[in-house]
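The values are calculated or read from the model by the stated rules, or taken from the named source; none is laboratory data. Computed from a predicted structure; not experimentally measured. Glycine gets a Cβ as well: all are built from the backbone with ideal geometry, and neighbour counts include every protein chain shown. For the accessible areas, the whole protein counts, side chains as well, though only heavy atoms, and no ligand, DNA or RNA atoms are used. Shrake-Rupley method; radii C 1.70, N 1.55, O 1.52, S 1.80 Å.
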Amino acid sequence: MLSPVLIALLAMGVYPALSVIWLSLQQGGFFGVGMIGGGLSNYVHLLHDPEFWNALRFSFFFTVITVTGQMILGTALALFANRKFRGSWLARAAILCPWAIPTATNSVIWAYIFHGQYGLANGILEHLGLVSPAHPINWLGSGALATLLIYILAIWKSNALVALLVLAGLNVIPPQVFEAAHVDGAKAWQIFW
């Protein structure tokens, strides 16, 4: 009964992983044709490449910043959506919208919002008098600003999934637990933890 699952797991997971490791130890050629064994020379070259360290640093900061932001914002949205108020179903649906929109569509929308000349962000800042129309902010032309926007987009896109999972967990907790905590004198922060 389990053998088809194990075969699929080996075919879809283990074989590609081992194939990538084997290919990383080769030099020259193209997908197995005309390659020669290179040993660890590719890894030695990689460790001396400054672009590798830049990419590794970006990946590390991207992971730490976006996962932290998604957890904080997603939990806050779940706590908000868990409250009982008129139109709470609409709030719950709105929370899921960023997650439901495809990433490519999100990217195009954000590119228009932060376009240097006719973007919505610069339009709002100009209307508030914070930016001169003659010198708009080039959001996507600066590496630091573009990186910040990538972080924000990743957090905005995926916090809905965190909110959905936390909200599902909150809905499983019986209301009597919260009532008992209130009766025992627990503060909101203590009830949260």
(request) Using only the Cα atoms of the chain, construct the convex hull and provide its projected area averaged over every direction, in square nanometres to one decimal. (result) 20.5 nm²
(message) Distance between the C-alpha centers of the range 153-193 and the range 1-72? Whole Å please.
(response) 37 Å
(message) Can you work out the Karplus-derived ³J(HN,Hα) for every residue in the range 174-188? Use 6.51 cos²θ - 1.76 cosθ + 1.60 with θ = phi - 60°, whole Hz, and x for glycine or proline.
(response) x, x, 5, 5, 5, 5, 5, 5, 4, 4, 6, x, 6, 7, 4
(request) Taking H placed 1.01 Å from N in the peptide plane, check which residues at least 5 places from Val131 or on another chain put their amide H under 5 Å from its amide H. (result) Glu126
(request) Could you tell me which of Pro50, Ala181, Gly119 has its Cα farthest along the dipole of the chain towards the positive end, charges placed at Cβ (Lys, Arg +1; Asp, Glu -1), taken about the Cα centre? (result) Ala181
(message) Please compute the modelled spin-label separation between Gln176 and His135, points set 7 Å along Cα→Cβ, answer in nm with one decimal.
(response) 6.6 nm
(message) How high is the relative contact order of the chain? Use alpha-carbon pairs under 8 Å, at least six apart in sequence, and give a whole percent.
(response) 22 percent
(request) Per residue, how big is the convex hull around the C-alpha atoms of the range 42-121? Give it to me in cubic angstrom, could you? (result) 156 Å³
(request) Can you pull a Stokes-Einstein diffusion coefficient for the range 1-67 at 37 °C (0.692 mPa s), Rh from Kirkwood over Cα pairs, as a whole number of µm²/s? (result) 221 µm²/s
(request) Could you work out the Kirkwood radius for the range 125-192, taking every pair of different alpha carbons, averaging 1/r and inverting it, reported in Å? (result) 16.4 Å
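Whenever you get a sec, compute what percent of the accessible area on the range 1-131 sits on carbon and sulfur atoms (1.4 Å probe).
Working: 7400 of 9820 Å².
Of the solvent-accessible surface of the range 1-131, carbon and sulfur hold 75 percent.
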(request) Using +1 at the Cβ of each Lys and Arg and -1 at the Cβ of each Asp and Glu in the chain, identify which of Leu128, Phe192, Val33 lies farthest towards the dipole's positive end. (result) Phe192
(request) Taking all pairs of distinct Cα atoms, average 1/r, flip it, and tell me the Kirkwood hydrodynamic radius of the range 74-160 in Å to one decimal place. (result) 14.8 Å
(request) In debye, nearest 20, what is the charge dipole magnitude of the range 16-140 about its Cα centre with +1 on Lys and Arg Cβ and -1 on Asp and Glu Cβ, if you could check? (result) 720 debye
(request) Determine ³J(HN,Hα), in whole Hz, for all residues of the range 37-47 in sequence, where each value follows from phi through the Karplus function 6.51 cos²θ - 1.76 cosθ + 1.60 and θ = phi - 60°; x replaces Gly and Pro. (result) x, x, x, 8, 4, 5, 6, 4, 4, 4, 5
(message) At 1.4 Å probe radius, can you tell me the per residue accessible area of the range 29-134 in Å²?
(response) 72 Å²
(message) Spelling out what I want: for every residue of the range 83-98, take phi, set θ = phi - 60°, compute 6.51 cos²θ - 1.76 cosθ + 1.60 (Karplus), and round to whole Hz; glycine and proline get x.
(response) 5, 9, 7, 5, x, 5, 5, 5, 5, 5, 5, 5, 5, 7, 4, x
(message) Skipping prolines and chain starts, which residues have an amide H placed within reach, meaning under 5 Å, of the one on Gln26, given they are 5 or more residues away or on another chain?
(response) Gly38
